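The values are calculated or read from the model by the stated rules, or taken from the named source; none is laboratory data. Keep in mind the model is a prediction, meaning the values are calculated, not measured. Here the Cβ positions follow ideal geometry from the backbone for every residue, glycine too, while neighbour counts run over all protein chains shown. Just the protein is used for accessible areas: all its heavy atoms, side chains included, with ligands, DNA and RNA removed. Shrake-Rupley method; radii C 1.70, N 1.55, O 1.52, S 1.80 Å.
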Amino acid sequence: MKITIIGTGYVGLVTGACLAQVGNHVLCIDVDADKVAKLRRGIIPIHEPGLSAVVREGIAGGHLTFSTDIAAGVEHGAFLFIAVGTPPDEDGSADLRHVLAVADAVGHHICRPAIVINKSTVPVGTAHKVRERIAAALRERGENIPFDVASNPEFLKEGAAVEDFMKPDRIIIGTDSEVVRERMRALYAPFNRNHDRLIFMDPPSAELSKYAANVMLATKISLMNELAGLAEHLSADIEQVRIGADPRIGYAFIYPGCGYGGPCFPKDVRALEYSARQHHYEAPLFAAVEGVNNRQKQVLEHKLVAALGEDLTGVNIALWGLAFKPNTDDMRDAPSRVLMEGLWCRCAQVQAYDPVAMDETRRIYGERADLQLCTDPLRRLPGRRSTGHLYGMAIVPQPRL
Ligand code: NAD
């Protein structure tokens, strides 16, 4: 099948490479010319286990190509995936600028029937908006080319994205069309072999499904962090308070830590909260989940201050773990950034290590005197006082040297 992916980031690249691997002809489009040039040479701009091999195989077999030419992309695919970013706007709403720009481009260039599939995480009603934008562009052109818009939210996890795409636990398709259902079933057949993972529903329900999953996981994290904070006041050990054995609760996402981050949970919780506000529906839980998380990101800094004082001038802090989670170099909304920036405001020095996110950290912060990125996770930089240690994200303060 001929497939076009528009937006070749984490989601788009994984989707394109995996769909190419099962024999489709996939053209990945991106506005970032540098990224496209690198991908054409088989250079993967992100750290994602297993992705490099799948991309190179796709390129070598002629099943996977890259371009910045959106017109060629729209012409190529009978399936047009939208996988561009939906960053948060200042008010918390999802910024749909990129999604709607793609919809306009599809409307301007579409020349034969196609299914437009939205993989980006978008508020309820976006499939409808995308349909309207494409229809408006077609009207302007005086053309009447049939097209469909389906919602197909993505549930892959960074760090295990290829595995998740190849063996999904569910594939959600939001459509009202029987024809689209059958074509999507055929498209996903290679990933849907030993039991049926396809779940069909109407587009608004599909769009909400993604937010519902993320807010549920974020809620579990915030609840555990809230319990951990309380446990400290009660002289209880949260590490011993393990509630996962109860099958109604489960073992996933019940570990307290430094707060959730990354490209999805923070923005998606805020977008859902915004959406509730827009519809005059009181949803205090969403704001509470976010509030607890924001407080949690400050906890390590507050513990350091409690141990070492407000002014950390000349204090050297070791920090292990920079990306928002293991096995990725994604630093978007990473709790480490809140911690480092807080420490720098207190004039501390940070000596940091991450197995894969060092280049990304350097790209974000550049060279600065109060950040040393260490190639060895355990080596203390010569001539530096080591006053506090953060093991992973657990702090073990030591006396000032
Ligand atoms: P990303 O920022 O890594 O990639 C988006 C890409 O789209 C970028 O390469 C950008 O250059 C490109 N782009 C922007 N406008 C474009 C346009 N008009 N035409 C072509 N390309 C354009 O984002 P991502 O992490 O892949 O996320 C994409 C969407 O998927 C978001 O809505 C996100 O919430 C959702 N999502 C992300 C994950 C994840 O773990 N990263 C998981 C599930 C869903």
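Considering only protein heavy atoms and a 1.4 Å probe, what is the carbon-and-sulfur percentage of the accessible area of the chain? Roughly 55 percent of what the probe reaches on the chain is carbon or sulfur. Each DSSP beta bridge with both residues in the range 8-143 is either parallel or antiparallel, and the antiparallel ones are about 10%.
Against the main long axis of the alpha-carbon atoms of the chain, helix 265-278 sits at an angle near 70°. Determine the shape class of the range 228-320: with a ≥ b ≥ c the square roots of the Cα gyration tensor eigenvalues, call it rounded for a/c under 1.5, and otherwise prolate if a/b is greater than b/c, oblate otherwise. Because a/c hits 1.5 or more and a/b fails to exceed b/c, the range 228-320 counts as oblate. The GNM of the chain, with springs linking C-alpha atoms under 10 angstrom apart, assigns the highest mean-square fluctuation among Leu51, Leu308, Leu156 to Leu308. Here the alpha carbons of the chain define both size measures, Rg and Dmax, at 23.1, 76 Å.
DSSP beta bridges confined to the chain are antiparallel in about 15 percent of cases.
Amide H to amide H distances under 5 Å link Val350 with Ile317, Leu371, Gln372, where only residues 5 or more positions off or on other chains count and H is placed in the peptide plane. Here the peptides 275-284, 330-339 are ranked by packing, the mean other Cβ count within 10 Å, and the order with the highest first is 330-339, 275-284. For Gln372 and Ser177, what does the FRET efficiency come to when R0 = 51 Å and r is the distance between their Cβ atoms, rounded to the nearest 0.05? FRET efficiency, Gln372 to Ser177: 0.35. The long axis of helix 284-308 is offset from the longest Cα principal axis of the chain by roughly 30 degrees.
Once both labels are positioned 7 Å from their Cα atoms along Cα-to-Cβ, the gap between Arg197 and Leu230 label points is 3.7 nm. Between Ala33 and Gln278, the simple label model (points 7 Å from Cα in the Cβ direction) yields a spacing of 3.4 nm. As an exercise, identify the trypsin sites (Lys or Arg not before Pro) in the range 13-114 lying in DSSP coil whose Cβ has no more than 11 other Cβ atoms within 10 Å. The qualifying sites are Arg41.
Once the 1.4 Å probe is applied to the protein heavy atoms, the range 248-330 comes out at 49 Å² accessible per residue. Within the range 73-144, the proportion of Cα pairs with more than 14 Å between them is 58 percent. Per-residue ellipticity at 222 nm from helix content only, as computed over the chain with -39500 (n - 2.57) for each DSSP H run of at least four residues, stands at -13500 deg cm²/dmol.
Considering the chain as a Gaussian network with a 10 Å cut-off on Cα pairs, which listed residue, Leu227, Leu138, Leu343, attains the greatest mean-square fluctuation? Comparing Leu227, Leu138, Leu343 in a Gaussian network model of the chain, the most mobile one is Leu227. Applying the criteria of a DSSP loop state and at most 15 other Cβ atoms within 10 Å to the GluC sites (Glu not before Pro) of the range 22-103 yields Glu90. Computed from label points 7 Å out along Cα-Cβ, the spacing between Lys2 and Asn144 is 2.4 nm.
The GluC sites (Glu not before Pro) of the range 321-381 that meet both conditions, a loop assignment by DSSP and at most 15 other Cβ atoms within 10 Å of the site Cβ, are Glu367. What's the center-to-center distance, using Cα atoms, between the range 130-192 and the range 226-288 in Å? Result: 31 Å between the Cα centres. A simple rule links phi to the HN-Hα coupling: the Karplus curve 6.51 cos²θ - 1.76 cosθ + 1.60 with θ = phi - 60°, which for the range 336-348 gives 4, 5, 4, 5, 4, 5, x, 5, 5, 4, 9, 6, 7 Hz, with x for Gly and Pro. Per residue, the average separation of C-alpha pairs within less than 8 Å and at least 6 apart gives the chain a relative contact order of 12 percent. Angle of helix 203-233 to the longest C-alpha principal axis of the chain, folded into 0 to 90 degrees and rounded to 10: 10°.
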